[in-house]
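Working notes, structure below.
The values are calculated or read from the model by the stated rules, or taken from the named source; none is laboratory data. Please read these numbers as outputs of a predicted model, since none were measured by experiment. Here the Cβ positions follow ideal geometry from the backbone for every residue, glycine too, while neighbour counts run over all protein chains shown. Only protein heavy atoms, including side chains, enter the accessible area calculation; ligands, DNA and RNA are left aside. Shrake-Rupley method; radii C 1.70, N 1.55, O 1.52, S 1.80 Å.
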There are 2 protein chains.
Amino acid sequence: MQLTIAEATGLAVRGLTRAGMSAENARITADHLVDAALCGHEFSSLPRVLALAEALRGKAPARPTCVVRENHCSALLDGGDNVAYVVSLHAIDKAIDIARKNGVAVVCANNTWFSGRLAYYVERAARQGFIAMHTTNTTARVAPFGGVDRLMGTNPFAIAFPSDEDPIIIDIGTSATTWGDVVLARTKGEPLAEGLAVNPAGHPTRDPQEALDGAILPWGGPRGSGLALAVQLLGILAGSELVIDDISNYGLFFVVIDPKLFMPSDQFPARVAAFRQFVTSNRAQTHGGTVRMPGDSSQQKRRDNIAKGVISLDDAVYARLRELGGD
Amino acid sequence: MQLTIAEATGLAVRGLTRAGMSAENARITADHLVDAALCGHEFSSLPRVLALAEALRGKAPARPTCVVRENHCSALLDGGDNVAYVVSLHAIDKAIDIARKNGVAVVCANNTWFSGRLAYYVERAARQGFIAMHTTNTTARVAPFGGVDRLMGTNPFAIAFPSDEDPIIIDIGTSATTWGDVVLARTKGEPLAEGLAVNPAGHPTRDPQEALDGAILPWGGPRGSGLALAVQLLGILAGSELVIDDISNYGLFFVVIDPKLFMPSDQFPARVAAFRQFVTSNRAQTHGGTVRMPGDSSQQKRRDNIAKGVISLDDAVYARLRELGGD
């Protein structure tokens with residue numbers, strides 16, 4: 001199934017409003033999901049509308065996001081139990097506002113759940129000239145290094161840098177695999193790779209169902225686990241629970257920095273562009289290949305897909321979205 | 001060879017002042033190196049005095065560190081070509097001062113070289129109640145993922161959280177191995193493990209000399225490489241070169257945050273302690289083992305060594321340090 005960007009956005013908005021979201025929040029969420037589709041991240045795109053509708057069924061109506069604490073370089077937002085696709089947008093825009101005035105912003109948000117591609121929010125700041133860092137802790141599915149109990153989320157970490165060309169965008173999860181990939185392996189009846197998960201007894205497993213019942217392991221051994229713990233603690237700073245047992249109360253953390261604090265106007269984006277040029281012009285490991293910067297592949301796909309004007313969607317997902325939207 | 005803490009400090013101070021450091025800077029550096037020894041990090045401790053003396057021989061006298069730009073939530077320091085052991089201390093103390101007044105500080109420093117254990121500086125802030133993040137880019141020895149040319153340093157990243165108990169301190173390098181470990185393997189005539197380095201032609205190598213002539217690979221594949229690139233770009237923000245070819249002009253980056261911006265006084269350190277308690281009381285992967293928090297092992301060794309009142313030092317290093325110090 002191929003849809004225009006407007007059709008895809010409308011489909012998502014109708015589904016999300018029927019599931020209980022306000023028109024404004026449905027539009028913010030749909031824009032995020034359609035952008036994910038354009039960037040080639042199918043799992044993070046329109047199929048998420050179905051998961052969101054499912055999650056919304058168990059929830060009381062959300063309250064508006066509001067600022068509960070603020071000083072000239074920081075803010076704390078109460079997400080009102082809105083989905084993080086919405087709260088993160090409010091939070092990054094608040095952080096950009098503060099950084100525009102004062103050069104630096106640290107913004108936290110709580111009472112929110114689900115998180116989209118963190119790249120979306122840090123890119124938004126980088127395209128306005130700011131360095132942005134963003135983390136969120138999520139539903140507990142990952143054991144710390146050396147442990148076997150699920151205490152941390154997949155806890156992504158993202159940072160973006162403004163550039164005279166496209167921003168450089170780094171967006172990494174800190175778990176060895178994702179919940180979605182394990183569910184997909186179960187659906188396909190395929191075993192997991194070695195070293196990704198343990199079963200409820202704490203033994204290594206390649207069985208997706210055992211992994212879902214047990215715990216996913218952290219990415220990158222003790223170092224990756226350290227990063228995951230840091231993201232968890234930044235979530236706790238934002239007001240999250242120590243460990244999130246359900247789909248609620250994630251802790252979002254943002255730092256936004258104006259590079260003009262440290263060098264004359266326009267110099268940093270030029271330096272970033274020069275660094276990208278230098279890195280990508282160096283020798284690649286594979287003969288005839290190129291060294292790529294993080295985030296470049298997604299941005300290239302988005303350009304290509306916008307030029308084509310269409311996004312692809314699985315037929316079955318399309319049918320379920322039409323049904324949800326009452327089409 | 002076993003030395004008391006005072007003897008070890010005196011030995012380092014004498015060597016560093018004879019190598020050209022001011023008495024004050026020698027003392028700051030010696031305190032860092034002795035702390036590394038107490039924490040069990042032998043390579044990062046007193047043997048570094050010899051490497052520092054070697055590096056200082058090629059350098060003009062350093063100027064004092066000074067603040068060249070400042071606003072109410074940020075500062076940029078010119079390190080005056082002083083060693084980063086000294087400049088990082090000035091920078092973290094400046095950041096703590098700013099954060100104490102305004103809640104958030106972003107501090108950068110340039111014109112400096114070598115960096116010690118980043119844990120030392122973030123712990124200093126965490127013990128005063130602050131969350132602290134610190135990165136530095138270093139001499140180019142590491143290829144980005146997919147590349148074979150040395151463009152980045154071993155680019156460490158550290159973050160620490162204040163706690164009612166000991167702080168939680170995460171301090172990770174972003175290279176698959178360290179320069180020091182490769183040199184050690186060459187000295188011992190041992191091959192490297194697979195996947196750590198490439199030779200100058202860009203082919204995988206386990207030969208330490210080929211690795212030293214070629215490039216070390218990033219830790220953790222594309223994700224670790226992404227982090228290494230982020231640290232490089234934060235160094236560039238601080239005023240470092242795009243790629244550091246010699247031992248000079250590292251870019252230090254610090255963020256310090258007062259958790260009281262986001263929750264009532266004393267609540268965050270209590271939450272961190274509760275999280276540590278929760279994590280370490282969960283099941284371990286090895287029967288009878290425990291789940292450890294990052295940084296705990298170093299802090300435990302320090303307590304033990306302070307109780308014993310002595311640090312160990314290789315006899316040959318001791319002899320060379322005495323010679324350097326003119327004893």
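One line per residue, one yes/no per condition, for (1) out of contact with any Phe, Trp or Tyr (no Cβ under 6 Å at 6 or more places or on another chain); (2) within 26 Å of A:Pro162 (Cα to Cα):
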| site | (1), (2) |
| --- | --- |
| B:Ala143 | yes, yes |
| B:Ala158 | yes, yes |
| B:Gly189 | yes, no |
| B:Pro208 | yes, no |
| B:Leu233 | no, yes |
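Within segment B:53-73, identify whether any single residue is within 13 Å of chain A (Cβ to nearest Cβ), surrounded by 15 or more Cβ atoms within 10 Å (Cβ to Cβ) and of a type in the set (D, E, K, R), and answer yes or no. No, segment B:53-73 contains no residue that is within 13 Å of chain A (Cβ to nearest Cβ), surrounded by 15 or more Cβ atoms within 10 Å (Cβ to Cβ) and of a type in the set (D, E, K, R).
Kindly indicate the residue of segment A:150-171 that is surrounded by fewer than 24 Cβ atoms within 10 Å (Cβ to Cβ) and touching a strand residue (DSSP E or B) at 6+ places or on another chain (Cβ under 6 Å) and also farthest from A:Gln277 (Cα to Cα) among those meeting that condition. Checking each candidate, the answer is A:Arg150.
Only a single criterion out of (1) in a strand (DSSP E or B); (2) under 18 Å from the mean Cα position of the chain (by Cα) is not satisfied by A:Val49, namely (1). When segment A:78-93 is filtered for residues that are under 18 Å from the mean Cα position of the chain (by Cα) and either within 14 Å of another protein chain (Cβ to nearest Cβ) or in a strand (DSSP E or B) (or both), the ones remaining, listed by number, are A:Gly79, A:Asp81, A:Asn82, A:Val83, A:Ala91.
Can you tell me which residue among B:Asp78, B:Asp35 is open to solvent by 10 Å² or more (accessible area, probe 1.4 Å), of a type outside the set (A, V, I, L, M), assigned by TED's automatic domain parsing to the domain that holds B:Asn249 and at pLDDT 95 or above? If you could, list the steps in order and put the result at the bottom.
Numbers: B:Asp35 fails: assigned by TED's automatic domain parsing to the domain that holds B:Asn249.
After applying the criteria, what remains is B:Asp78.
Mind listing just one residue for me: the one in segment B:240-252 that is within 12 Å of another protein chain (Cβ to nearest Cβ) and open to solvent by 10 Å² or more (accessible area, probe 1.4 Å) and, of those, nearest to B:Gly79 (Cα to Cα)? In this case the residue turns out to be B:Glu241.
Each row is one residue, and each column tells you yes or no for (1) facing another protein chain (nearest Cβ under 7 Å); (2) under 23 Å from A:Phe254 (Cβ atoms).
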| residue | (1), (2) |
| --- | --- |
| B:Ile236 | yes, yes |
| B:Phe254 | no, yes |
| B:Lys260 | no, yes |
| B:Ala273 | no, no |
| B:Gly309 | no, no |
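Can you name every residue in segment A:277-314 that is in a helix (DSSP H, G or I) and open to solvent by less than 40 Å² (accessible area, probe 1.4 Å)? Correct list: A:Val279, A:Asp296, A:Ser298, A:Gln299, A:Arg302, A:Asn305. Pairs linking a residue in segment B:279-304 that is closer than 17 Å to A:Val198 by Cα and facing another protein chain (nearest Cβ under 9 Å) to a residue that is buried (at least 19 other Cβ atoms within 10 Å of the Cβ) and among the charged types (D, E, K, R), with Cβ atoms under 6 Å and 6 or more positions apart or on different chains, are B:Asn282/A:Asp149; B:Arg283/A:Asp149.
Do we have any residue at all in segment A:253-266 that's more than 30 Å from B:Ala109 (Cα to Cα) and open to solvent by 10 Å² or more (accessible area, probe 1.4 Å)? Explain how you work it out, then say what you get.
Residues of segment A:253-266 that are more than 30 Å from B:Ala109 (Cα to Cα), as a first pass: none.
Taking every residue of segment A:253-266 in turn, none turns out to be more than 30 Å from B:Ala109 (Cα to Cα) and open to solvent by 10 Å² or more (accessible area, probe 1.4 Å).
Which residue is nearest to A:Leu237 (Cα to Cα), if the candidates are limited to segment A:94-107 and must be out of contact with any strand residue (DSSP E or B) (no Cβ under 7 Å at 6 or more places or on another chain) and more than 12 Å from chain B (Cβ to nearest Cβ)? Working first, answer last.
Keep residues of segment A:94-107 that are out of contact with any strand residue (DSSP E or B) (no Cβ under 7 Å at 6 or more places or on another chain), which gives A:97, A:100-102.
Restricting the remaining residues to those that are more than 12 Å from chain B (Cβ to nearest Cβ) gives A:97, A:100.
Working: A:Asp97: 21, A:Arg100: 24 Å.
Going through the qualifying residues, I end up with A:Asp97.
Taking the numbered list (1) under 27 Å from B:Glu54 (Cα atoms); (2) touching a residue at least 60 places away in the same chain (Cβ under 8 Å); (3) open to solvent by less than 10 Å² (accessible area, probe 1.4 Å) in turn, B:Leu227 passes all entries but (1). Only a single criterion out of (1) at pLDDT 95 or above; (2) open to solvent by 10 Å² or more (accessible area, probe 1.4 Å) is not satisfied by B:Val107, namely (2). Look at segment B:141-168: where a residue is facing another protein chain (nearest Cβ under 7 Å) and touching a residue at least 12 places away in the same chain (Cβ under 8 Å) and a partner is outside any loop (DSSP other than H, G, I, E, B) and polar (S, T, N, Q), sitting 6+ places away or on another chain with Cβ atoms under 7 Å, you get B:Pro144/B:Ser225.
Got a number for residues in segment A:114-130 being of a type outside the set (S, T, N, Q) and in contact with a helix residue (DSSP H, G or I) (Cβ under 6 Å, 6 or more places away or on another chain)?
Filtering segment A:114-130 for residues of a type outside the set (S, T, N, Q) gives A:114, A:116-127, A:129-130.
Next cut, in contact with a helix residue (DSSP H, G or I) (Cβ under 6 Å, 6 or more places away or on another chain) only: A:114, A:116-117, A:120-121, A:124-125, A:130.
Matching residues across segment A:114-130 total 8.
Here B:Pro200 fulfils each of the conditions (1) over 20 Å from B:Asp246 (Cα atoms); (2) within 12 Å of another protein chain (Cβ to nearest Cβ) apart from (1).
For segment B:1-28, the set of residues classified as outside any helix (DSSP H, G or I) and open to solvent by 70 Å² or more (accessible area, probe 1.4 Å) consists of B:Met1, B:Gln2, listed by residue number.
Would you confirm, using the coordinates I've provided, whether B:Phe114 is of a type in the set (A, V, I, L, M, F, W, C), more than 12 Å from chain A (Cβ to nearest Cβ) and open to solvent by 10 Å² or more (accessible area, probe 1.4 Å)?
On the way: of a type in the set (A, V, I, L, M, F, W, C): yes; more than 12 Å from chain A (Cβ to nearest Cβ): yes; open to solvent by 10 Å² or more (accessible area, probe 1.4 Å): yes.
Against the criterion (of a type in the set (A, V, I, L, M, F, W, C), more than 12 Å from chain A (Cβ to nearest Cβ) and open to solvent by 10 Å² or more (accessible area, probe 1.4 Å)), B:Phe114 qualifies.
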